[in-house]
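Asker: To start, I am sharing the structure in question, which I have written as structure tokens.
Every number here is computed from the coordinates shown, using simple stated rules; none is lab data. Just so we're clear, the structure is a prediction, and the values are computed from it rather than from any experiment. With ideal geometry, Cβ positions are generated from the backbone for all residues, glycine too; neighbour counts draw on all protein chains shown.
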Amino acid sequence: MLTLQISLYAISTCLCLFTGMLLWHKDLAFPKRYFLVFLLLRGMSSGFEWMMANPETPYKGFWLLSIMSIALLLAPCLWLFARELTGAKTKFTLQGLFSQGFPIFLGILLLLPLATSIHSGSDFADPINPLSPQYTTVVLGSMLLMAGVFLVQSGYYSVKCANLIKHRLLQNRNLFAQTSESGVNVLRVLLMVVIANFMTNALRVLYCWALDDISAINLMFAGLQVALIVYLCFAVVTHSLDLGQNNQSARNKLYSAASSEAEVQRVKYKNSALDNERRTAILNKIEVLFNQEKMYRDSRLNLELLCKELRDLPYVVSQAINESEYKNFYALVNQYRIEEAQKLLVADNAKSILEIAFEVGYNSKSTFNTAFKKQNGMSPSEFKKEFVKRFNEKALRC
């Protein structure tokens, strides 16, 4: 079991290095600098985990100190990467440096007693110069206080990442016909990594304080860390390759630096030159495109493609839609798609639900089911059964 645990740490280190080199050499319009720093830190941490898990490795206290120190840097690094991923400009202010740097400084300060207990042996306790019971309590107590600082820091960045996800979804409703995309997936994985990083390090402190070193739990958390690193690297690389296809130009024009964590409500249009006449004209053109040309059937449809057809600016078209009964682009497209899907479900028994989903513009059955249930309160199959039931009841009454 120990051999498998050590192998997992080695795999994590190699994966971080490989992904870092892959992104480093790829010329992509992708904000990767903070993610590369994260990969370097995560790779170093996994390497130190490997050293600490090996029974014969000396300086166990040093590797533990290094792992816990690096843990304080991972969440801020992921947060900076998440901000750049959403298009926000990172400006380092004195207040910002203090709020992010103080927990790191305090946490490392609390690890100083642990640093004084480091020795060259292959165990945490020094058999030659053992610590007094009082000083052992100081070392373990300071580690618990550091875990408390780490808990507050992890919670802080978890909330900020959750707000970024919420804001990204709000953006997507104004840009896409579906809210899920690779950027949201990356942010969700980042949040999971922050939470898993806290759980792993908190459990490590508990081991040192009161629990036995349980191999099965160690192996479980090593596997969890590797799985999350694999998932995160895959999500980031996929997003970096898809970046040009994700309506990024329209996102930049509409939001630019406004996509910060503080802005989680729908975009407000202040001092706008859009009057009622132009708004009505835009909405009328959209109705023609959707009712006559069935443009909503295009599974690739997004705000940018619609603006090209309308020959108008994304900012203006987005405002016209957001101030209409539809509220956002996502609701507009899905209302037309679901209304046609309802007609096809009751009119054509030969077509499957998947065929209908593709016909009205969805590229997967799960996306179609989610949108249909949100609008009707039931799945497409339930909707069809309900219609057949009502039809038969009406026929019997006649």
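Asker: Rg and Dmax in Å for the chain, alpha carbons only: what are they?
Answerer: Cα only, the chain: 27.1, 97 Å (Rg, Dmax).
Asker: Let me ask something additional. Which residues make up the longest stretch of the chain that has no trypsin sites (Lys or Arg not before Pro) in a DSSP loop with at most 16 other Cβ atoms within 10 Å?
Answerer: On the way: sites that count: K26, K89, K91, R266, K268, K270, K294, R300, R311, K327, K351.
Free of exposed loop sites, the longest segment is 92-265.
Asker: Calculate, for E359 and F234, the FRET efficiency according to 1/(1 + (r/R0)^6) with r their C-beta to C-beta distance and R0 30 Å; round to the nearest 0.05.
Answerer: Values: r = 31 Å, r/R0 = 1.05.
That gives a FRET efficiency of 0.45.
Asker: Mean residue ellipticity at 222 nm from the helices of the chain, using -39,500 (n - 2.57) per DSSP H segment of n ≥ 4 over the full residue count, to the nearest 500 deg cm²/dmol?
Answerer: Working: 16 runs with 289 residues, N = 398.
Computed ellipticity for the chain at 222 nm equals -24500 deg cm²/dmol.
Asker: Farthest toward the dipole's positive end in the chain, which of G101, Y59, N185, given Cβ charges of +1 (Lys, Arg) and -1 (Asp, Glu) about the Cα centre?
Answerer: N185
Asker: Which length gain, in nm to one decimal place, applies between T137 and V159 when the Cα-Cα distance is subtracted from 0.36 nm times their residue separation?
Answerer: Result for the pair: 4.6 nm of gain on full extension.
Asker: How large is log10 I(q)/I(0) at q = 0.13 Å⁻¹ when the Debye formula is applied to the Cα atoms of the range 54-105, each weighted equally and without solvent?
Answerer: Per q value, in the given order, log10 I(q)/I(0) is -0.47.
Asker: If you put +1 on each Lys and Arg Cβ and -1 on each Asp and Glu Cβ, how big is the dipole of the chain around its Cα centre, in Debye rounded to 20?
Answerer: Working: 40 positive and 30 negative charges, 263 e Å.
Charge dipole of the chain: 1260 debye, to the nearest 20.
Asker: Specify the residue with the greatest mean-square fluctuation among G377, G183, G61, computed from a Gaussian network of the chain linking alpha-carbon atoms under 10 Å apart.
Answerer: Per the Cα network of the chain with a 10 Å cutoff, G377 tops the list.
Asker: Would you give the gap between the C-alpha center of the range 271-342 and the C-alpha center of the range 73-107, rounded to a whole Å?
Answerer: When both Cα centres are located, 38 Å separates them.
Asker: Given labels modelled 7 Å from the Cα in the Cβ direction, how far is it in nm from S379 to T3?
Answerer: Each label point is offset 7 Å from its Cα along the Cβ direction, giving 4.6 nm.
Asker: Something else: Per the Kirkwood formula on distinct C-alpha pairs, the Rh of the range 1-120 is how many angstrom?
Answerer: Values: mean 1/r = 0.0621 Å⁻¹.
Taking the inverse mean of 1/r over all distinct Cα pairs, the range 1-120 comes out at 16.1 Å.
Asker: Another one. Restricting to Cα pairs below 8 Å that are 6+ residues apart, what does the relative contact order work out to for the chain? Please round to a whole percent.
Answerer: Details: 417 pairs, mean separation 67.0, N = 398.
The normalised contact order for the chain reaches 17 percent.
Asker: Quick one: compute a quarter of the convex hull surface over the Cα atoms of the range 290-398 and quote it in nm². Could you put the intermediate results ahead of the total?
Answerer: Numbers: hull surface 32.1 nm².
Projected area, direction-averaged: 8.0 nm².
Asker: Considering the options A88, M21, F290, tell which one lies farthest towards the positive end of the dipole of the chain, charges being +1 on Lys and Arg and -1 on Asp and Glu at the Cβ, about the Cα centre.
Answerer: It is F290, whose Cα lies furthest towards the positive end.
Asker: Turning to a different aspect of this structure: Rg over Rh of the range 26-85, using C-alpha atoms and the Kirkwood radius, what does it come to? Display every interim value, and only then the final one.
Answerer: On the way: Rg = 14.2 Å, Rh = 12.7 Å.
The Rg/Rh ratio comes out at 1.12.
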